[in-house]
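Before any comments, here is the structure.
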Amino acid sequence: MTSKTSKQASGRVARALEIYRSIAACNAYIARGNDVHALTAVLMLPCYQAEFGSLALELTHVEEYELRSVLRRIRNSELALQERASAAIACESSVAADGAG
């Protein structure tokens, strides 16, 4: 792979990650409520999804592997944060229940 081709490949993966983050942000705004940001997110989400799908079709197998690998790490980090948050909430609830009893 030449340097130019490598830069293009890395650029496609970077762009896919950027779009993925935009999709995640839209989903977060939609989940939070019905303000102007949620409305904008509802309108933009299909555009981001279509762009991601089109870009995904252009990726080589190596780029797909790279993208999946990064997305897997992001997902694992998110799951770890959720587990820690759940554990903290459970701990707080336990302390509150002990204090009330």
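Hey, if you put +1 on the Cβ of every Lys and Arg and -1 on every Asp and Glu Cβ in the stretch 49-95, which of Phe52, Leu71, Ser93 ends up farthest toward the positive end of that dipole?
With unit charges placed on the Cβ atoms, the residue in question is Ser93.
Which residue, Cys91, Cys47, Cys26, tops the fluctuation ranking in a GNM of the chain built on C-alpha contacts under 10 Å?
Cys91
Only helices at least 24 Å long along their axis, Cα-based, and averaging 0.5 or more on Kyte-Doolittle count here, so list those DSSP H runs from the chain.
36-58
Under 10 Å, Cα contacts only: if you run a Gaussian network model on the chain, which one of Arg73, Arg12, Arg84 comes out with the highest mean-square fluctuation?
Looking only at Arg73, Arg12, Arg84, the biggest GNM fluctuation is shown by Arg84.
Could you tell me which label, among [x] 13, 28, 31, 23, 5, 0; [y] 14, 29, 27, 18, 9, 4, 1; [z] 17, 54, 28, 1, carries the value of P(r) over Cα pairs in 10 Å bins from 0, in percent calculated for this structure?
So the calculated entry is the one marked [y].
All of the numbers you see were taken from the coordinates with simple rules; none came from a lab. Keep in mind the model is a prediction, meaning the values are calculated, not measured. So basically every Cβ, Gly included, is an ideal-geometry build from the backbone, and we count neighbours across all protein chains shown.
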